[in-house]
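Remarks on the structure that follows.
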Amino acid sequence: MKKKLKRGFTLVELMIVVAIVGVLAALAIYGVRKYIANAKTAEARNSLGQISKDASSAYAREGMAGDVLALGNVANISNKLCASATKSVPATKGSIQGQKYQSSPAEWAVDQGTLHTGFACLKFTMTDPQYYMYTYTSTGGGANGDTFNAIANGDLNGDGVLSTFQMDGKVQKGATGGLEVTVSPNVKETNPEE
């Protein structure tokens, strides 16, 4: 009886414990990597949502010229989509390949002197370091069927393969017959963890 109580663990029992610990560690590493990648892609999703809201707000602003009207003349109310940004921020994908990029306020204001153009028209800027390169394009000035696209490209792991996040908007006739900007309900994602 005393011999059985002093017996230790067998080699098989120890191997089973080591195998279980190994499987749990592998699952934990995978989960943490997935969590970190998801946290980084949140920047793109949030920024594209803000750009889309800014594009809708810019369309709702009156876009007529600021000239003084002659007595008795009229100026039509015109709603316009912001024209495409002349540059992406940052300008090249090499700036965000496996690293963060700190943009300057001047990069977001590059179209400042041009009426209804780019990020300056949207009044969109980023002050924190960014993982993604942002692009804004639009077709037309705001007539029925005109569209805009907000795009974020990133390369979180630095392998040269870009991830793409995109949010679209379109000018359409609303329920009351007037034109409205509608935005896609979700972000399109291609290679989100690249």
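The values are calculated or read from the model by the stated rules, or taken from the named source; none is laboratory data. This one's a predicted model, so the numbers in the text were calculated from it and none came from an experiment. Here the Cβ is made from the backbone with ideal geometry for all residues, glycine too, and neighbour counts use every protein chain on show.
Within region 42-65, residues that are charged (D, E, K, R) sit with their Cβ atoms under 7 Å from residues that are at pLDDT 90 or above, at 6+ positions apart or across chains, in these pairs: GLU43/GLN130; GLU43/TYR131; GLU43/TYR132; ARG45/PHE165; ARG45/VAL187; ASP54/LEU122; ASP54/LYS123; ASP54/PHE124. Within region 4-36, the residues that satisfy the criterion of being among the hydroxyl-bearing types (Ser, Thr, Tyr) and part of a helix (DSSP H, G or I) are TYR30, TYR35. When ALA60 is tested against (1) closer than 20 Å to GLY178 by Cα; (2) surrounded by 12 or more Cβ atoms within 10 Å (Cβ to Cβ), exactly one condition is not met: (2). Give region 138-155 a look and list any residue that's at pLDDT below 90 and surrounded by 15 or more Cβ atoms within 10 Å (Cβ to Cβ), or say none. Within region 138-155, GLY141, GLY142 qualify. Only a single criterion out of (1) out of contact with any Pro (no Cβ under 9 Å at 6 or more places or on another chain); (2) small (Gly, Ala, Ser); (3) within 24 Å of HIS116 (Cα to Cα) is not satisfied by ALA44, namely (1). Picking from residues in region 90-120 that are under 22 Å from GLY141 (Cβ atoms) and aliphatic (A, V, I, L, M), the one that is surrounded by the most Cβ atoms within 10 Å (Cβ to Cβ) is ALA120.
State which residue pairs qualify: first residue on the phi > 0 side of the Ramachandran plot and in contact (Cβ under 8 Å) with a residue 60 or more places away in the chain and inside region 127-149, second residue buried (at least 19 other Cβ atoms within 10 Å of the Cβ) and not in a loop (DSSP other than H, G, I, E, B) in any location, beta carbons under 8 Å apart, and separation of 6 or more residues or different chains. Matching pairs, first to second residue: GLY142/TYR59; GLY142/VAL171. Only residues that are on the phi < 0 side of the Ramachandran plot and modelled with pLDDT under 90 were counted in region 174-194, giving 9. Quick one: which residue in LYS34, LYS87, LYS80 is under 20 Å from VAL187 (Cβ atoms) and either basic (Lys, Arg) or exposed (fewer than 10 other Cβ atoms within 10 Å of the Cβ) (or both)? Of the residues listed, the single one that is under 20 Å from VAL187 (Cβ atoms) and either basic (Lys, Arg) or exposed (fewer than 10 other Cβ atoms within 10 Å of the Cβ) (or both) is LYS34. Across region 157-169, which residue is nearest to the chain's Cα centre (by Cα) among those that are farther than 11 Å from MET133 by Cα, surrounded by fewer than 22 Cβ atoms within 10 Å (Cβ to Cβ) and not β-branched (Val, Ile, Thr)? The residue in question is GLN166.
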